[in-house]
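Only one structure is covered here, and it is reproduced in the block below.
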Amino acid sequence: FVDVKLHDIPNTVEQAVRGWGKRGADFLTVHASGGRKMVEAACKAAGKVRLLAVTVLTSLGPEELSELGWGGKPEDLEARVLSLGRMAVESGVPGLVCSLKEAPALRKSLGSGPLLVCPGIRLPGAAKDDQSRAGTPEEAAKSGADFLVVGRPVVQAPDPAEAVEKLKEALG
């Protein structure tokens, strides 16, 4: 899983995707906000790599979204995520990276076809760190997520194997 979130001109992204494919990447992220031509170029070069288009970073909260001119209300955010997700899937991307907060709306709009990958997963009561739209494994499972991305709660845990077991238990 190569989470580099490519975002550049179409030719540069196409070459980068081709290069990561040669290195054996299974999953590779691109930013949907790079636009349709960039996403299509990434898909053209993907080969066996499954591309995941990032809709809106889960670290962005109302203040940052407003500063970017994307509105700061939940409905503004959901509209942005749906628009980017729809465009990416129409361009050929097989999966999306989204907050578990927006996953249900994407499922409703796009059906069961695209993979939904949800980062920002934390155990109940744990610190969110720099994640603005985080949630628990149980919330992610209910949201329609296909894959969960758990970073710091595992890699920074005193006992990473124990942390993984706790996360699995939280999934039920």
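In terms of distances greater than 20 angstrom between alpha carbons, the cross-link table entries K37/K101; K73/K101; K5/K37; K142/K168 yield K37/K101. Max-minus-min Cα coordinates of the stretch 51-172 on each principal axis give 40, 32, 22 Å, with the largest extent listed first.
Pairs of Cα atoms nearer than 8 Å and 6+ residues apart set the relative contact order; for the stretch 43-172 it is 23 percent. Highest-first packing order for the peptide set 98-106, 79-87 is 98-106, 79-87, based on the mean count of other beta carbon atoms within 10 Å. Approximating the spin labels as points 7 Å out from Cα along Cα→Cβ, the D26-to-A126 distance works out to 2.0 nm.
What trypsin sites (Lys or Arg not before Pro) does the stretch 104-162 have in DSSP loop regions with at most 11 other beta carbons within 10 Å? Hits after loop and neighbour filter: nothing returned.
Reported to the nearest whole Å, the Cα centre-to-centre distance from the stretch 1-57 to the stretch 78-112 is 16.
We did not get these values from a lab; they are worked out from the coordinates using the rules stated. If you're wondering where the values come from, they're calculated on a predicted model, not measured in any experiment. Cβ: placed from backbone, ideal geometry, glycine included. Neighbour counts: every protein chain shown.
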